[in-house]
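Participant: Structure in structure tokens, see below.
The values are calculated or read from the model by the stated rules, or taken from the named source; none is laboratory data. Since the structure is predicted, the reported quantities are computational estimates derived from the model, not experimental observations. We place every Cβ from the backbone using ideal geometry, glycine too, and count neighbours over all the protein chains shown.
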Amino acid sequence: MTTGRLESETERWPFRLVGGVCQNGRTGGDSGSGWRLVTVALLGLFGYPIVVLVLVLTTPLALVDALFLAVLLELLPALAIAQADGGEDLVIERTQAYLTSGVSIMVLGSLSLGLGLQTLGSERLGLHVHVRGVAYEFLWTVALIAVGIMTFGAFVLIRRKTGTVENQIVRDLMPVTSREKGLFAGLSLCAGVGEELTYRGYAVSVLIMATGSTFFALASTSVAFGVLHSYQGRLGVVRTGIVGFFMGAAFIYTGSLWPPMVAHALIDLVAGLVLRDRLLA
């Protein structure tokens, strides 16, 4: 990815669909891909009421929690798969991607906060400061950042050993200009707060309350969180799921959401702004 080419394109992805072929060399307009997209999307939509029904009939969850939890665990991941399958046809500005993603994440986070306070309360949502104090929270934050960066580094080694490269969409989404870097920093903050409120604070806690199984809550939310990042490719899904697992485990062990929120935001910042070239190499 050459800086000159990206700067000449300013803030646009290098996708230009011309006659069914993208100028970056990837094909678009594949009817098979289109059918797969539709099929996955329909399966997600049809599966959603089934998941809601199972949650309502087999757990003590209120209907509103069952509806929202099914969105997080089934509907959004299914739509993410469908979107990733047709992602080669997208033409979008990076700044627009940052802004729309940030808004979407914060909407989910706000809904999770509202429902979580109503269903769980602030303490079970993990928003209190741990009784052992700020130093304890800080140590867990540092540990999570280290685990996150090491996980990213491990997947760089895996790619090198297997001869694969980072997903092209991930490469294209990396910020280049000063404005993009500022927006990316804001997106990282939104992801740290919104995604952790949603998939750790709310989803993990509600599932533990509903099923009584800590392992099921941690595993299911980590899988859903990984699949939600399907645009990053298969390795990206596994990588994100692993990081989500560690975030969830830390939340469950400490009972505090602050270390995962801060660590998540800083991991995204470091990966996107500091270690970008090494992680994409």
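Participant: Check Arg124, Arg200, Arg132 and return the single one that is in a loop (DSSP other than H, G, I, E, B) and surrounded by 13 or more Cβ atoms within 10 Å (Cβ to Cβ).
Facilitator: Arg124
Participant: Under 6 Å between Cβ atoms, at least 6 apart or on separate chains: pull out the pairs that start in segment 256-281 with a residue that is in a helix (DSSP H, G or I) and end on any residue that is among the aromatic types (Phe, Trp, Tyr).
Facilitator: These pairs meet every condition: Pro259/Trp140; Pro260/Phe251; Ala271/Phe152; Gly272/Phe184; Leu279/Phe152.
Participant: Outside any helix (DSSP H, G or I) and surrounded by 18 or more Cβ atoms within 10 Å (Cβ to Cβ) - does that describe any residue in segment 135-146?
Facilitator: no
Participant: Tell me whether segment 147-157 contains one or more residues that are surrounded by 14 or more Cβ atoms within 10 Å (Cβ to Cβ), under 19 Å from Ser104 (Cβ atoms) and of a type outside the set (D, E, K, R).
Facilitator: No: zero hits.
Participant: Select from segment 247-265 the residues that are of a type outside the set (A, V, I, L, M) and over 15 Å from Arg132 (Cα atoms) and write down the one among them that is nearest to the chain's Cα centre (by Cα).
Facilitator: That would be His264.
Participant: Which one of Ala78, Ala66, Ala84 is at pLDDT below 90, closer than 25 Å to Ala191 by Cα, among the aliphatic types (A, V, I, L, M) and in a helix (DSSP H, G or I)?
Facilitator: Ala84
Participant: Go through the residues of segment 217-239 one by one and say whether even a single one is of a type outside the set (Ser, Thr, Tyr), more than 21 Å from Arg94 (Cβ to Cβ), in a loop (DSSP other than H, G, I, E, B) and free of Cβ contacts under 8 Å to residues at least 40 places away in the same chain.
Facilitator: no
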